[in-house]
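Reading through the C-alpha cells given below for one structure.
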Amino acid sequence: MTPELRERLSHIKHVALDMDGTIYLSNTLFPFTIPFLEKLGRLGISHSFLTNNPTKSIEDYLAKLHRMGISATKDEMYTTIVATIDYIKEHKPLAKRLFMLGTESMVSQFEEAGFVQTTDDPDDIPDAVVVSFDMTLKYERLCRAAWWASQGIPYFATNPDRVCPTDQRTVLVDCGSICKCIEHATGRKPDATLGKPDPNMLINILHQRNLEPSEIAMVGDRIYTDIAMAQNAGAFGVLVLSGETTLQTAESAPNPPDLIVKNIEELGKLLEISRS
C-alpha cells in the first residue's frame, strides 16, 4: 500500500456498498461479507447498501438481507426506485399517471408514493413513462412504452444497467438494454436515467451523515455505474472483481477507480492496515 492510498483510506468514515456482485451474487452470499461488515463495525466505520436493481422494494431487500444473516435498517438502504420517485416529484410535480414497465413490487412502490398506473390503451394517456428492470416484461407493453416515447411523453429510466449479475447460466437483460430497444425503435432516449451513476443516492448519504466526499467509499463491481457514481459525487471509488468487471476491463478504463481489489475482504484488510 502506498503512503497516499493509506492516507486516503484512513479518512474513510462510511462505506456505501453495492449489493449484487459485491456482497452477494444473485441469491448466494459471499462467505466474506458478514466478517467484512463486522470488521467495519470494529473499526468504527458505518455502512449502507445501494442498489440499481428496482425489482424489489426496500422491505423486500431488508428481508433478503435478513435471510442471509445480515441485519440492516431502512435508513441503511438506498434504491433507484426511491431516487426515481423523488426525481419525478421534484422535476415533474404534476405527473401523477404513469405508464410503467416494471415488476409488481416496483409498481406498488410508485402507487404507495401517490402515483397511478395507466393501462395498455392508446386512449389512456399517461403523464410520464417509467422504464425499469422488468422481469415480467410483456411484448405488448414494451410496444406501448415505445409508442408513448415516440409521442413525446416525458420518459424516465430507473437505472442504466445493461445486465443484472447472476450466478445462473443466462443473461438477465436489465433496464439499460430495454431502453436501448426503445431507442432503436423510436430514436428516443430517456429524459433522465436515475440510479447509479447519478450521484443523488451518495449525496443523500453525505447530507444525512454530515460527511465530506473524501470520507465515503463507494464500493461496487461496475465501472460505468458504481465507480462513475463515486466520481460524480467526488467520493473514493473502490472496484471489486467479484461481479461483472474483469481486471483487464478495469485497468483499461478511461476513468479508472481509486482502488481495485479482489473483493470486499481485501478492502477490509486495507482499511484495517490504514488505521494501524
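Taken over segment 114-137, residues that are under 20 Å from residue 186 (Cα atoms) and either in a helix (DSSP H, G or I) or under 24 Å from the mean Cα position of the chain (by Cα) (or both) amount to 8.
Residues that are at pLDDT 95 or above and acidic (Asp, Glu) within segment 19-46 comprise just one, 38. The selection criterion, being in contact (Cβ under 8 Å) with a residue 60 or more places away in the chain, small (Gly, Ala, Ser) and either in contact with a helix residue (DSSP H, G or I) (Cβ under 8 Å, 6 or more places away or on another chain) or not in a loop (DSSP other than H, G, I, E, B) (or both), holds for residue 242. Each residue in segment 55-87 was checked for being touching an Asp or Glu at 6+ places or on another chain (Cβ under 9 Å), small (Gly, Ala, Ser) and within 19 Å of residue 16 (Cβ to Cβ), and 1 pass. Exactly one residue out of 111, 140 is within 19 Å of residue 185 (Cβ to Cβ) and part of a helix (DSSP H, G or I), and it is 140. Looking only at segment 76-105, residues that are under 14 Å from the mean Cα position of the chain (by Cα) and over 17 Å from residue 191 (Cα atoms) come to 5 in all. Would you confirm whether or not segment 244-263 contains a residue that is within 17 Å of the chain's Cα centre (by Cα) and under 30 Å from residue 140 (Cα atoms)? Looking for residues that are within 17 Å of the chain's Cα centre (by Cα) and under 30 Å from residue 140 (Cα atoms), one finds none in segment 244-263, hence no.
Of the strands (runs of 3 or more DSSP E) contained entirely in segment 1-98, those carrying at least 2 residues that are polar (S, T, N, Q) fall at 46-51.
Summed over segment 158-182, the residues that are without any contact (Cβ under 8 Å) to a residue 40 or more places away in the chain and either in a strand (DSSP E or B) or buried (at least 21 other Cβ atoms within 10 Å of the Cβ) (or both) give a count of 3. Of all the numbered requirements in (1) outside any loop (DSSP other than H, G, I, E, B); (2) within 19 Å of the chain's Cα centre (by Cα); (3) touching a residue at least 40 places away in the same chain (Cβ under 8 Å), residue 270 misses one, and that requirement is (2). Across segment 183-204, the number of residues qualifying as assigned to a helix (DSSP H, G or I) and touching a helix residue (DSSP H, G or I) at 6+ places or on another chain (Cβ under 8 Å) comes to 6.
Comparison of 216, 260, 203 shows that the only residue that is out of contact with any Asp or Glu (no Cβ under 9 Å at 6 or more places or on another chain), at pLDDT 95 or above and either among the aliphatic types (A, V, I, L, M) or surrounded by 21 or more Cβ atoms within 10 Å (Cβ to Cβ) (or both) is 216.
Taking the numbered list (1) loosely packed, with under 15 Cβ neighbours inside 10 Å; (2) touching a residue at least 24 places away in the same chain (Cβ under 8 Å); (3) on the phi < 0 side of the Ramachandran plot; (4) not hydroxyl-bearing (Ser, Thr, Tyr) in turn, residue 38 passes all entries but (2). For the condition under 30 Å from residue 230 (Cβ atoms) and surrounded by 17 or more Cβ atoms within 10 Å (Cβ to Cβ), residue 196 qualifies.
The values are calculated or read from the model by the stated rules, or taken from the named source; none is laboratory data. Please read all numbers here as calculations on a predicted model, not as lab measurements. FYI the Cβ positions are ideal-geometry reconstructions off the backbone, even for glycines, and counts take in every protein chain you see.
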